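Coordinate-derived values only; no laboratory data. The model shown is predicted, which means the values in this text are computed figures rather than measured ones. Every residue, glycine as well, gets a Cβ built from its backbone with ideal geometry; the counts of neighbours run over all protein chains shown.
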Amino acid sequence: MRKSVFAKPDECTGCGTCELVCTAFHEKKYGLRKSRIRNVKIGDTVRISMTCRLCDKPACVAVCPTDALMQDANTGVIIVNDKRCNGCGWCIQSCPFGVMFFHPIKKVPIACDLCNGDPVCVKDCPEEALEMTTLDAFASMVRGSTVKGLMEATKEAR
């Protein structure tokens, strides 16, 4: 099963370190709009880092009118052929998670490429909130965390 980068909801503070190290690694300079991982605001107070989920049947690849996107069969990473891309943005609009982005200078989509299997965002997260794992393992961890939180809340209410 493929692995991608997930943020542990109870640990991610939305500090943005992951965005900075991502751009430093890929762009050799800082620029949050060029990051392949982004802090997403949920409601008024929660911020959490999100990146490409490496879908089994990625909508971004399916909708590309120029066949500029393909998915690596082994890693699931979305590969963009800059020369074929016409910058239409259909891939970005089709992403159900909102985690494919438009490079502000190159005018082509960018998505997490897992840093060749060793994501710098995971290594450099000061809260150790990012993890490279499977969707099933992540879902299990989140369910367990939620149940634990509900049990603690129930004890406090008594």
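Tabulated data
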{"quantity": "Dipole of segment 69-136, positive direction: furthest Cα of Leu135, Cys125, Asn86, with charges on the beta-carbon", "calculated": "Asn86"}
{"quantity": "Calculated FRET efficiency for the pair Arg143/Arg33, C-beta based, R₀ 30 Å, to 0.05", "calculated": "0.35"}
{"quantity": "Area projected by the alpha carbon convex hull of segment 70-155, averaged over all directions, nm²", "calculated": "8.2 nm²"}
{"quantity": "Under Karplus coefficients 6.51, -1.76 and 1.60, residue-wise ³J(HN,Hα) of segment 118-124 in Hz, glycine/proline x", "calculated": "9, x, 5, 5, 5, 5, 9"}
{"quantity": "Label-point separation in nm, Asp44 to Cys88, each point 7 Å along Cα→Cβ", "calculated": "4.1 nm"}
{"quantity": "Two-decimal log10 I(q)/I(0) for segment 54-111, as the Debye equation yields it once each C-alpha is a single scatterer, q = 0.22, 0.24, 0.27 Å⁻¹", "calculated": "-0.78, -0.94, -1.19"}
{"quantity": "Ratio of Rg to Rh over the chain (Cα coordinates, Kirkwood Rh, two decimals)", "calculated": "1.01"}
{"quantity": "Length-normalised contact order for the chain - Cα pairs under 8 Å, 6+ apart - percent", "calculated": "30 percent"}
{"quantity": "Subset of Lys3/Lys41; Lys8/Lys83; Lys57/Lys107; Lys41/Lys155 violating a 28 Å alpha-carbon distance limit", "calculated": "Lys8/Lys83; Lys41/Lys155"}
{"quantity": "Built amide H within the under 5 Å cut-off of Phe102, gap 5+", "calculated": "Ile110"}
